[in-house]
Amino acid sequence: MTSTQTIKPIASTSVVWTEWMDLPKFSLRYRHLSRAVLGEDYRIGVAIEELMPGAQTAPAHYHVFEEEHVFMLEGEVTARIGPDRFQMRAGDYVCFPAGRKAGHCLINTSGKVARYVIVGERNPNEVVVYTD
C-alpha cells in the first residue's frame, strides 16, 4: 500500500472467519480487521474473536514487548490473569500491559459463544512467555 493510497472503511462482516485450533481445549475463530485493510503492513492488530463454549484462547502467557486489549461484545468469559480470575461480559474491558509477568488467557465456561474485540501491537522483536 502506498502512502497516498486511500484507506476505505470496511464492514467487519465482509471479513472471512479464520479458525484456529490446538486440540483439545484451545479453539477460537477470528476476523482480522487490520489484515483485511492493510495486508501484512500493520503495526496495531485489531480482530473480532469468537470463543466457543468450553474453550480457552491459548495457554496462559504474557508478552514482553506487546500490549494487548480486550473489549467484550457479547457472551461471558473468565479472564485469567496470573493467579486471579475475573468474570467478563458485554461492555467489559481488560488490558494486558507489556512486560507484566502475569500469564493471561480467556476461558469460556458458559454455554454460549463469547465475542470480543482484541487489539494488540505487532512488534517484530516480541517475546512470548508461556506460564502454564
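With R₀ fixed at 41 Å, the C-beta to C-beta distance from residue 95 to residue 4 puts the FRET efficiency at about 0.75.
What does the accessible area per residue of the chain come to in Å², with a 1.4 Å probe and no ligands, DNA or RNA counted? Walk me through the numbers on the way to the answer.
Numbers: 7910 Å² over 132 residues.
Per residue, the chain has an accessible area of 60 Å².
Rounded to the nearest 0.05, the FRET efficiency derived from the C-beta distance between residue 113 and residue 37 at R0 = 22 Å is 0.35. One chain, two ends: residue 16 and residue 71. Fully extended at 0.36 nm per residue, the span grows by 17.8 nm beyond their Cα-Cα distance. Loop-resident chymotrypsin sites (Phe, Trp or Tyr not before Pro) (DSSP state other than H, G, I, E or B) in the stretch 20-66 with no more than 13 further Cβ atoms inside 10 Å of their Cβ: 65.
What are the ³J(HN,Hα) values, in whole Hz, obtained from phi via the Karplus relation 6.51 cos²θ - 1.76 cosθ + 1.60 with θ = phi - 60°, for each residue of the stretch 30-35 in sequence order, with x given for Gly and Pro? Values, residue by residue: 8, 10, 7, 5, 4, 5 Hz.
Let me know the shape class of the chain, please: from the alpha-carbon gyration tensor, a ≥ b ≥ c as square roots of the eigenvalues, rounded when a/c is under 1.5, otherwise prolate if a/b is greater than b/c, or oblate.
Verdict is oblate for the chain.
Between residue 126 and residue 64, residue separation times 0.36 nm minus the direct Cα-Cα distance comes to 21.7 nm.
The values are calculated or read from the model by the stated rules, or taken from the named source; none is laboratory data. Values in this document were obtained by computation on a predicted structure and should not be read as measured data. Here Cβ is always computed from backbone atoms with ideal geometry, including for glycine, and neighbour counts include all displayed protein chains. All accessible areas refer to the heavy atoms of the entire protein, side chains included, with ligands and DNA or RNA removed. Shrake-Rupley method; radii C 1.70, N 1.55, O 1.52, S 1.80 Å.
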